[in-house]
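S.K.: This is the structure I have questions about; it appears just below.
Values in this text are rule-based calculations from the coordinates and carry no lab data. Just so it is clear, the model here is predicted, and its values are computed rather than measured. Because the Cβ atoms are built from the backbone with ideal geometry, glycine has one as well, and the counts that use them run over all protein chains shown.
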Amino acid sequence: MSREQAFVKMLEASAKIQWSVSLMLEAKAVEAEKVRNWTLNHLHGHSFDEQEKQLSEPLGVHEQIIEVIEGITKLQTGLSSNLKAVLVTESDEDGGGAGMFGDGGFDLGDIGK
């Protein structure tokens, strides 16, 4: 397998991962909307015995949301490092390259050949 074919496979895998992440986020958004509607209709100030409990419940939900965002950020960081590996050309590694579309670099037009 040539280097270009390996890069294309990396990009295809990244695209599939991105698609899967988008489906998960869409499902999370639907779930969050259902929880929001239930919360608005069923929870009121008098539903909690203590003010501390009233504050701790939403904080727990926010912590879960932050964990999801942190996980997605780590995933995106990993995917971007793969994309950087694809975009780096041999001439860039030597220090004199003009980038992906510059002189002698990796050309997307060569992929299908």
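S.K.: Is the range 1-61 best put as rounded, prolate or oblate by its Cα gyration tensor, with a ≥ b ≥ c the root eigenvalues, rounded for a/c under 1.5, and otherwise prolate when a/b is larger than b/c, oblate when not?
M.R.: Prolate, because a/c is 1.5 or more and a/b exceeds b/c.
S.K.: If you don't mind, another one. Any lysines with Cα under 30 Å of the Lys84 Cα? List them, leaving off those in the same chain fewer than 8 positions away.
M.R.: Within the straight-line limit of under 30 Å, Lys84 reaches these lysines: Lys9, Lys16, Lys28, Lys74, Lys113.
S.K.: What's the ranking of 1-13, 57-69 by average number of surrounding C-beta atoms within 10 Å, highest first?
M.R.: 1-13, 57-69
S.K.: While we're on this one: For Lys53, which lysines qualify as cross-link partners when the Cα separation must be under 23 Å and same-chain residues fewer than eight apart are set aside?
M.R.: Straight-distance partners of Lys53: Lys34.
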